[in-house]
Amino acid sequence: MIMERQDLMEKVTALAKRRGFVYPSSELYGGLGGLYDYGPYGVALRRNIRGLWWRHVVDLRDDVVGLEATILAPEAVWVASGHTVNFTDPLVECRGECKQRFRADHLEDTERCPVCGGPLSEPRRFNMMFKTHVGPVEDTASVAYLRPETAQGMFVNFKNVLNSMRVRVPFGIAQQGRSFRNEITHGNFIFRLREFEQMEMEFFVQPGEDERWHAFWIEERLRWYTDVLGIRAERLRLREHEADERAHYAKASTDIEYLFPFGWGELEGVANRTDFDLRTHQEHSGQDLTYQDPETNERYLPYVVEPAVGVDRIMITCLLDAYDEEEVKGETRVLLRLHRDVAPVQVAVMPLSKKEELIGPARGVQRALQTGFRVEYDQTGGNIGRRYRRQDEIGTPFCVTVDFDTLEDRAVTIRERDSMEQERVPVAGLLDRLRERFA
Ligand code: GAP
């Protein structure tokens, strides 16, 4: 790497906008802090991340089922879950010139404003949920909240899933979807957002089995980052929460952290939520949420182990981990060394020139490869070198070039992103050869 780590966030942020991954939301009107839109390559990257999570957490297991619950839920849900009282951050305000607001637990000096040096107020609890009203009358009965976590959807549907599916403890309910938090301080690009997407799984276990399953899911999730997403192991670590930093529902919690340019930060949390949520929903709703073991007839409220992560946070991790620069023939080559399963485009097909006789064969190659890969066809102007660089910047593992020799020898050139090595391959064997190279 020829760049300083502190430059990395800036470079990745610029590349993400330049190459259609991430745009500031409502930028035309000055934007709104902590909100971002995702462009075409960002959408593709996120779909791949979601798909790989779902495959490994749900599809490859026979003890996890899916759910999609609403984003809006009535106040009663959040009173029961404890979020109306406990889902707060300590807010301090500058009493000096700048009047800015900060999270007290993010400040080293809680007396002086980090911007203008003015005195800071005493911390007060600030609830991070977005409140709204459902229906035409804004009275107390119509109060609803945008969910700050997807998890509650799984708890309030626990009995529905139990009664409609053939599930037995231990089993999990998984969900992917948007969550909303009115974060006091957002920032570090898409690391901390006010609207983001979570992927959470509530794994219901017999009390007493919870610690074993907690350890299992910590290892399982850590391995997913290295083996499935290809994130560098040396930039990942586990960190157990101290008692005073645990969420109000957790008995124990371990973060999977990544070494971001600003230091170690939470990528995913794996919590032991005990029976806190089922118990509180049982109490508040008056409904029996216990589970009866069909073999022993024992009745109990299951404990819950929860791996919870944000798509946006995985996305920024993938981009930062993959970003690289190297010197090639006196010029800087920028590339994303994204894992082949994560890359928005897997193969780019390019005719060497816009001449008619090359376009037919190139389109034929594109159609053949689309049966096995995510393919982009690129015949835009610019020499082939410039088109390779563009694909390097979006992380495309292979480019396939159709040139004038193709018309004679029925062969094309495969160019690999990381090594830039080229290989001449017959069109007839191209799909198989690429499958081999992706394996
Ligand atoms: N249900 C448990 C829960 O929500 P959390 O640690 O608050 O736990 C889980 O959030 C994950 O969601 C985090 O590890 C992070 O990946 C993501 N996340 C949380 N707040 C976020 C935010 N403001 N912006 C982006 N991602 C966020």
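Each reported figure results from applying straightforward, stated rules to the coordinates on display, with no laboratory input. Here the structure is a predicted model, which means the values were calculated and not measured. All Cβ positions, glycine included, derive from the backbone under ideal geometry; neighbour counts span all protein chains shown.
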Charge dipole (debye, nearest 20) of segment 104-198; +1 at Cβ of Lys and Arg, -1 at Cβ of Asp and Glu: 600 debye
Value of [θ]222 nm, deg cm²/dmol, for the chain, DSSP H segments ≥ 4, -39500 (n - 2.57) each, nearest 500: -8500 deg cm²/dmol
Only Lys, Arg (+1) and Asp, Glu (-1) charged, at Cβ; segment 1-71 dipole about Cα centre in debye: 260 debye
Amide proton proximity set for residue 338, modelled H, under 5 Å, gap of 5+: none
Eligible lysines near residue 329 by straight Cα distance, threshold 28 Å, same-chain separation 8 or greater: 11, 17, 354
Compactness relative to 2.2 N^0.38 Å, alpha carbon Rg of the chain: 1.14
Helix axis angle, 311-322 relative to the chain longest principal axis, alpha carbon, degrees: 40 degrees
Point-to-point label distance, residue 421-residue 390, nm (Cα→Cβ direction, 7 Å offset): 2.8 nm
Cα-centre dipole for segment 241-298 with unit charges at Cβ (Lys and Arg positive, Asp and Glu negative), debye to 20: 120 debye
C-alpha long axis of helix 40-54 to longest principal axis of the chain, angle in °: 60 degrees
Within segment 1-88, GluC sites (Glu not before Pro) in DSSP loop having at most 13 other beta-carbon neighbours inside 10 Å: 4, 68
Shape of segment 181-253, Cα gyration tensor, a/c cut at 1.5: oblate
Order of 155, 404, 171 under a 10 Å beta carbon neighbour criterion, fewest first: 404, 171, 155
Prolate/oblate/rounded call for segment 1-122, Cα gyration tensor, a/c under 1.5 rounded: oblate
Between 0 and 90°, nearest 10: helix 5-18 axis offset from the chain longest Cα axis: 70 degrees
Lone cysteines, the chain (no partner Cβ under 4.7 Å): 318, 399
Sorted by Cβ neighbour density within 10 Å, fewest at the top, the residues 150, 84: 84, 150
For the chain, built as a Gaussian network whose Cα springs stay under 10 Å, the top-fluctuating residue of 313, 223, 95: 95
With 5 Å bins from 0: P(r) over segment 37-102, alpha-carbon pairs, percent: 3, 12, 9, 10, 11, 15, 19, 11, 6, 3, 2, 1
Farthest positive-ward along segment 199-280 dipole, Cα basis, beta-carbon charges - from 216, 249, 264: 264
The chain: most fluctuating residue of 310, 385, 20 per GNM, C-alpha cutoff 10 Å: 385
